[in-house]
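K.L.:
Sharing a structure, written as structure tokens. Questions coming.
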Amino acid sequence: MSAERDTNLLRRMAAPNAAVAETGLVSESDLARAMATGVLRVADRMDGLGLSTGERTARRVDADAAFDGFDARALCLLLDPDGYDATAPGGSSPEALAARTGLFVLHPALTDALIEVQTIGRVEGPGRPARRPTRIDAALAQPFVLSLLDQVRALRRADSSEPCPGALRAGSFIAGPASLGLILTAANYLRVDLEIELGDGHRQAGLSLVLPFDAAARASADEPDPRGEWAPAMEAAAMEAPVRLEAVLPPVRLPLSRLVTMKVGDLIPIDANALSRLSLHGGSSGVTIPGRARLPRGASLSARLGQLNGVRAVKIAALPGDTDAAEAGHDPEFGAGAIAAGGPGSAPALGLSDPGAEGALGDLPDLPDLPDLPGSPGTSDLPDLPDLPDLPDLPDLP
């Protein structure tokens, strides 16, 4: 134990009330006592660590001072709130969880000692220069931290007013304290610092436990997150909502003079292959967004007209942007994927055909010959155009 530590300890023993007078300092912390005793019990089961405890302090601090004094290369591990279940439906919101998250901090010398004990079986002499911790360091230090947290929870008094540490958050790893103020958002914390010696006094290290000490944050976090059940309920309602789907024939061009003179009973000629070039439009815009895995509103699909079990139906021939499927979709018989569109004596309906049905669809009916329309323009009625004049010769380039 160093001379400075002896002086601080003698001063506290001589004037116990002086420590209480300091801002935020807790003279008799149940959490600090449990942590000091727990780390000794864990170290006793780790041969070669040579751990002994020194001075311990517990302070109530605000968020601005909660992470002061930590080594820039310390290993920081996040702790979930006590009793928190990440798999429970309707859990706390991310904002409320950040205000309840705790922290376990290991000094670089302690991290290196834990790695040495697990690799070479002992702490080897004086410590090396501190380095930035890695995920491998966090994984090797995790058994020590888990055992210590179990000891702290077991040694802590059940009627204690101080916060209780929760479970170690899976996969949590923060290299250094620089970003802690952005991750942990509680207004007040209880910080417990414990000085330790490793390798039978050859190395000086420390560890810290930082837990939220904010009653308002705990009260608000107990309320379930309203978004926890809203999202699946909204998705279920949206998937049951009716969707408008329109089967549209290819466009037909008519002269304006023919269009304004049309009357009931007039026939509009269409191409013979128009029945195999239908388009299915979702919504009203007909716009397709490239690269979308799901069919967006207004997307268009290629289809062909036919019949299914006696009702008029269309078969999806190609998805948006799938030209190969559209060209290969001129099969005279429909298979799976036909969409029934209604039939004689039945209301229009949408439904998928049974892929295992045999003979469900037949050949498309032949189109009857259309009569000649009176007044329709023909190529023979077009006047001859005069010949265009010859272009002048271009001048030679210099």
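The values are calculated or read from the model by the stated rules, or taken from the named source; none is laboratory data. Just so you know, these numbers come straight off a predicted model, no measurement behind them. In this analysis, Cβ positions are derived from the backbone assuming ideal geometry, glycine residues included, and neighbour counts consider all displayed protein chains. Accessible surface areas use protein heavy atoms only, side chains included; no ligands, DNA or RNA. Shrake-Rupley method; radii C 1.70, N 1.55, O 1.52, S 1.80 Å.
K.L.:
Determine the gain in length on full extension of the stretch ARG73-LEU249; use 0.36 nm per residue of separation and subtract their C-alpha separation, reporting nm with one decimal.
P.N.:
Net length gain for the segment: 56.5 nm.
K.L.:
Then there is this: Students often check this: by mean Cβ neighbours within 10 Å, which of 144-151, 108-115 ranks highest, and how do the rest follow?
P.N.:
108-115, 144-151
K.L.:
Pop out the ³J(HN,Hα) list for the stretch 234-246 in order, Karplus 6.51 cos²θ - 1.76 cosθ + 1.60 with θ = phi - 60°, rounded to Hz; leave Gly and Pro as x.
P.N.:
Coupling constants for the stretch 234-246: 5, 5, 5, 5, 5, 5, 8, 6, x, 10, 7, 10, 10 Hz.
K.L.:
Could you sort LEU31, LEU249, LEU97, LEU305 by their accessible area in this structure, using a 1.4 Å probe and putting the largest first?
P.N.:
LEU249, LEU305, LEU97, LEU31
K.L.:
Suppose each label sits 7 Å from its Cα in the direction of the beta carbon; what would the ASP396-ASP150 distance come out to in nanometres?
P.N.:
10.1
K.L.:
Which order, highest average first, do 271-279, 127-135 follow once you tally other Cβ atoms within 10 Å for each residue and take the mean per peptide?
P.N.:
271-279, 127-135
K.L.:
Could you work out the equivalent-ellipsoid semi-axes for the stretch 20-101, taking the square root of 5 times each eigenvalue of the Cα gyration tensor, largest first, in whole Å?
P.N.:
27, 21, 14
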